[in-house]
Amino acid sequence: MLKPVTDFPIDPQDIEGIVTEDDMPVDNLFSEKQQRLLTEPLYSTWSGPGEGRPFLAAANLGVFAETRLPAIVPDMFISLDVHIPEDMWAKLHRSYFIQKYRKPPDLVVEIVSNKEGGENAEKRQKYAWMRVPYYVIHDPELQIMPTALTAFRLVGVWYMEMDRAWFPELKLGLRLWEGEFEDQTVCWLRWTDAEGGLIPTGKEAARSERTRAEQERARATLADQRAESAQSLALRERQRAEEATLRAERLADLLRQAGIEP
């Protein structure tokens, strides 16, 4: 089992002048919802990468390769075997410092909202330099990519496109999904398990549980109804048997009265 990273070898004075957040809003409404759809299920229903292995999934959070360099802000990333510090307000803990966690994120997702973001150029180069193992570009409107979902794996010093968006070290995959999320029905990017099944949101899991409970109640009610029907049938059969016995006894009496031994 991998030991979670907890040692933070950074002198707080080294980051005194660093801007960790600039209060800039997210690009657009779709990106904001898509970012949450990529983070919330991981904390709500995902079983995780393995027992005893914590992780950090975050959206729109600055990642610092070095304290002397500006941050790059992925739309979403996940990093395995790291603990979120208890004091999240401390400046040392407000961003993802690779030097602090001693590893880059394991996977980064960028959502294309215009042609100026450099997702397939400058950002791709930066993530490769940072040694991020997996890089995913989600281009819903095909503004810079030929497909809406493109996944890359770091090979050597550069990214190679993957045939399938499956990340074995994370035990997660990604696929496009047409459906409803927060009253909006569009094509979303969703996490999947090894069989391609969706990692459900908390709301989806609760709805499935309610449906399962209702089905169990319906089956129990049907079983009760069948049991009652069986009991009613058995009672009717006993009544018919008793009536038949009484008819047979009356007939025997009549025969005896007529001098005939039944």
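Checking the structure you have, find out if any residue of segment 102-110 is buried (at least 18 other Cβ atoms within 10 Å of the Cβ), among the charged types (D, E, K, R) and touching a residue at least 12 places away in the same chain (Cβ under 8 Å). Yes, because at least one residue in segment 102-110 is buried (at least 18 other Cβ atoms within 10 Å of the Cβ), among the charged types (D, E, K, R) and touching a residue at least 12 places away in the same chain (Cβ under 8 Å).
Tally time: how many residues in segment 197-210 are surrounded by 13 or more Cβ atoms within 10 Å (Cβ to Cβ) and over 14 Å from the mean Cα position of the chain (by Cα)? Looking only at that region, the number is 0. Kindly indicate whether S113 is in a loop (DSSP other than H, G, I, E, B) and either of a type in the set (K, R) or modelled with pLDDT of 90 or more (or both). So S113 fits the description; yes.
A quick yes/no check of all residues on (1) more than 30 Å from V112 (Cβ to Cβ); (2) assigned to a strand (DSSP E or B); (3) touching a helix residue (DSSP H, G or I) at 6+ places or on another chain (Cβ under 9 Å):
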residue: L176; (1), (2), (3): no, yes, no
residue: R190; (1), (2), (3): no, yes, yes
residue: G196; (1), (2), (3): no, no, no
residue: E214; (1), (2), (3): yes, no, no
residue: R217; (1), (2), (3): yes, no, no
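Tell me, yes or no, whether segment 226-244 has at least one residue that is surrounded by 12 or more Cβ atoms within 10 Å (Cβ to Cβ), among the charged types (D, E, K, R) and over 26 Å from L170 (Cα atoms). Looking through segment 226-244, none of the residues is surrounded by 12 or more Cβ atoms within 10 Å (Cβ to Cβ), among the charged types (D, E, K, R) and over 26 Å from L170 (Cα atoms). The residues on offer are G179, G197, and the sole one that is closer than 17 Å to E40 by Cα and in contact with a Cys (Cβ under 9 Å, 6 or more places away or on another chain) is G179. For T185, the stated conditions hold: it is of a type in the set (V, I, T) and either under 30 Å from E110 (Cβ atoms) or surrounded by 14 or more Cβ atoms within 10 Å (Cβ to Cβ) (or both).
Pairs meeting the criteria (first residue in segment 128-144 and aromatic (F, W, Y), second residue crowded, with 19+ Cβ neighbours inside 10 Å, beta carbons under 6 Å, at least 6 apart or on different chains) are Y134/L107; Y134/F167; Y135/V108; Y135/Y127; Y135/F152; Y135/Y159.
Between A220, A194, A213, the distinction of being of a type in the set (A, V, I, L, M, F, W, C), modelled with pLDDT of 90 or more and surrounded by 10 or more Cβ atoms within 10 Å (Cβ to Cβ) belongs to A194 only. Pairing residues of segment 62-81 that are more than 16 Å from R124 (Cβ to Cβ) and aromatic (F, W, Y) with residues that are assigned to a loop (DSSP other than H, G, I, E, B) and at pLDDT below 95, at Cβ distances under 7 Å and at least 6 apart in sequence or on separate chains, gives F64/A71; F64/S95.
The condition of being farther than 28 Å from Q184 by Cβ, at pLDDT below 95, out of contact with any His (no Cβ under 8 Å at 6 or more places or on another chain) and outside any helix (DSSP H, G or I) holds for only one of E21, E51, that being E51. Under the condition of being part of a loop (DSSP other than H, G, I, E, B) and either touching a helix residue (DSSP H, G or I) at 6+ places or on another chain (Cβ under 6 Å) or within 22 Å of L29 (Cβ to Cβ) (or both), the residues counted in segment 63-79 number 5.
Among the residues making up segment 96-110, those that are assigned to a loop (DSSP other than H, G, I, E, B) and at pLDDT 95 or above are K103, P104, P105, D106. From the list S208, S229, the one residue that fits, being at pLDDT below 85 and closer than 30 Å to D75 by Cα, is S208.
The values are calculated or read from the model by the stated rules, or taken from the named source; none is laboratory data. Model, not experiment: these values are computed from the prediction. Glycine gets a Cβ as well: all are built from the backbone with ideal geometry, and neighbour counts include every protein chain shown.
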